[in-house]
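No lab work stands behind these numbers, since they all come straight from the coordinates. Keep in mind it's a predicted model, so treat the numbers as computed, not measured. Heads up, the Cβs are rebuilt from the backbone with ideal geometry, glycines too, and the neighbour counts pull from every protein chain shown.
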Amino acid sequence: MNYRLATEADADELARLRWDFRVEETDGVAKTTWEQFGPICADFVATGIAGGEWAYWVADDGDRLIGCVCICVIKKIPKPNKLDIRFGYVTNVYMQPESRNAGHGTTLLTKAIEWARSEGLVELLVSPSERSVPYYMRQGFEPDDGLHIDLEPYVV
């Protein structure tokens, strides 16, 4: 298994993983077709990689991508004592069903955390499902007392 940062050339496969993840979450129901979704998502992924706003860690089995950990890199307003302040929002953590429980997700998240440290990100945030909380806590994530406001209903 090869664990690596994705490139723009991986955009179509990352779009497919995103589709699989979200359709799995909705028991196979989608309001769009793959033909509508695929190109839009692939463009989003490629643009984000090219601009440095997104980092996608992937598990590549040699034939295809089987999983990913995605980090949106967010710049904060500079401070007088720290001019470059960036943090990451971890999202779209997914592993193909047949590849789960083999350690690939743990390895991907470990690689993503190591990358974030090497890039100078000050923290990583995640909004985990209840089921995934132990997965993140094993990697050092801790609960916090943050607040949020839903501006629109959550859409799976």
Local electrostatic count at residue 124 - Lys and Arg +1, Asp and Glu -1, tallied over other residues with Cβ under 12 Å: -3
Dipole of the chain, positive direction: furthest Cα of 47, 97, 120, with charges on the beta-carbon: 120
Fraction of alpha-carbon pairs over 27 Å apart in the chain - percent: 25
Per-residue HN-Hα couplings for segment 83-97 [Karplus 6.51, -1.76, 1.60; θ = phi - 60°; Hz; x = Gly/Pro]: 7, 10, 10, 9, 10, x, 10, 7, 8, 6, 7, 8, 9, 3, x
Linear extension gain, residue 82 paired with residue 32, 0.36 nm per residue minus alpha-carbon span: 13.6 nm
Cα-projected label distance for residue 72 with residue 139, points at 7 Å along beta-carbon direction, nm: 1.7
DSSP H segments from the chain that extend 18 Å or more along their own axis, Cα-based, with Kyte-Doolittle mean of 0.5 or above: 34-51
Expected 222 nm ellipticity per residue - DSSP helices of 4 or more, -39500 (n - 2.57), all of the chain, to 500: -11000 deg cm²/dmol
Part-to-part distance (alpha-carbon centres) for segment 117-134 and segment 14-88, which is given in Å: 15
Segment 39-156, relative contact order [Cα under 8 Å, separation at least 6], %: 19
